[in-house]
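A.B. asks: Below you'll find the structure I mean.
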């Protein structure tokens with residue numbers, strides 16, 4: 001079961017759904033994505049974090065850093081573009097520091113439109 005809302009005081013969830021954070025071409029973390037009024041957030045269930053640490057981290061460089069959740073404020077997003085991860089469409093998010101992050105999602109068009117709409121409201 002996914003934790004649908006963490007302790008994010010004062011944030012309003014605008015859109016949410018299943019999301020995979022594509023850490024490499026062969027490694028992804030499954031979790032839940034949240035589009036709030038302040039940021040795009042990826043949260044992984046605690047049970048999945050434990051399983052990943054035990055079974056995958058020792059064998060994959062993609063999980064070396066031990067980071068399993070991420071939050072990206074809208075003012076830190078440079079651009080959003082389409083990509084793929086296997087057969088799924090993915091959001092490729094470029095941060096202002098040049099870092100690229102890829103998230104495989106269902107309903108790609110809805111996610112992209114919602115992020116772009118939010119970015120224009122912030123700008």
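The values are calculated or read from the model by the stated rules, or taken from the named source; none is laboratory data. This structure is a prediction, so every number in the text was calculated from the model and none was measured. Every residue, glycine as well, gets a Cβ built from its backbone with ideal geometry; the counts of neighbours run over all protein chains shown.
A.B. asks: Restricting to the range 99-123, and then to whatever is touching a residue at least 40 places away in the same chain (Cβ under 8 Å), under 15 Å from the mean Cα position of the chain (by Cα) and in a helix (DSSP H, G or I), can you tell me which residue is surrounded by the fewest Cβ atoms within 10 Å (Cβ to Cβ)?
C.D. replies: Step by step, filter the range 99-123, then rank; the result is 110.
A.B. asks: Considering the range 1-22 alone, what residues qualify as being within 22 Å of residue 101 (Cα to Cα), surrounded by fewer than 20 Cβ atoms within 10 Å (Cβ to Cβ) and modelled with pLDDT of 80 or more?
C.D. replies: Residues satisfying the conditions are 13, 14, 15, 16, 17, 18.
A.B. asks: Does the range 58-76 contain at least one residue that is at pLDDT below 85, surrounded by 18 or more Cβ atoms within 10 Å (Cβ to Cβ) and touching a helix residue (DSSP H, G or I) at 6+ places or on another chain (Cβ under 7 Å)?
C.D. replies: yes
A.B. asks: Could I ask something else about it? Inside the range 84-93, can you point out the residues that are more than 12 Å from the chain's Cα centre (by Cα) and in a strand (DSSP E or B)?
C.D. replies: Matches in the range 84-93: 84, 85, 88, 89.
A.B. asks: Of everything in the range 39-57 that's modelled with pLDDT of 75 or more and touching a helix residue (DSSP H, G or I) at 6+ places or on another chain (Cβ under 7 Å), which residue is nearest to residue 121 (Cα to Cα)?
C.D. replies: Going through the qualifying residues, I end up with 39.
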